[in-house]
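K.L.:
Before I ask anything, let me first share the structure, which is written out below as structure tokens.
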């Protein structure tokens, strides 16, 4: 069963990597999780560049026809299963 979790690009607050590391700590990163940003969340290429190596961008019509989700790649799944975090 696919689980969708919203992450947010904050001006001040937890960074994207910190939010993902919190999900790793909570055991929520697995092959069925999809992360997403609210459609109104402003992102820069720098924001995406910091995490894109760990995710595939997927147009998931079951989720939303106007938004993309981040699907964890195998490398992130292996990191999470070994308790390693993003740096």
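K.L.:
Pop a pseudo-label 7 angstrom from the Cα along the beta-carbon direction at both residue 44 and residue 63 and give the gap in nm to one decimal.
P.N.:
2.4 nm
K.L.:
Could I ask something else about it? Taking a label point 7 Å from the Cα of residue 1 along the Cα→Cβ vector, which residues of the stretch 11-47 have an amide N closer than 19 Å to it?
P.N.:
27-36
K.L.:
222 nm [θ] for the chain, helices only, -39500 (n - 2.57) per DSSP H run of 4+, per residue, to 500? Numbers along the way, then the final one.
P.N.:
Details: 3 runs with 23 residues, N = 87.
Using -39500 (n - 2.57) per qualifying helix, the result is -7000 deg cm²/dmol.
K.L.:
Let me ask another. State, to one decimal in nm, how far the label point of residue 26 lies from the label point of residue 85, with both points 7 Å from Cα in the Cβ direction.
P.N.:
So the label points at residue 26 and residue 85 sit 1.5 nm apart.
K.L.:
When only Cα pairs under 8 Å and 6 or more residues apart are kept, what is the percent relative contact order across the chain?
P.N.:
Normalised by residue count, the contact order of the chain is 34 percent.
K.L.:
Using the basic label-point model (7 angstrom from Cα toward the beta carbon), what is the residue 56 to residue 18 distance in nanometres?
P.N.:
Distance between the two pseudo-spin positions: 3.1 nm.
Rule-based calculations on the coordinates, nothing more; no lab input. Being a predicted model, the structure only gives us computed values, none of them experimental. Heads up, the Cβs are rebuilt from the backbone with ideal geometry, glycines too, and the neighbour counts pull from every protein chain shown.
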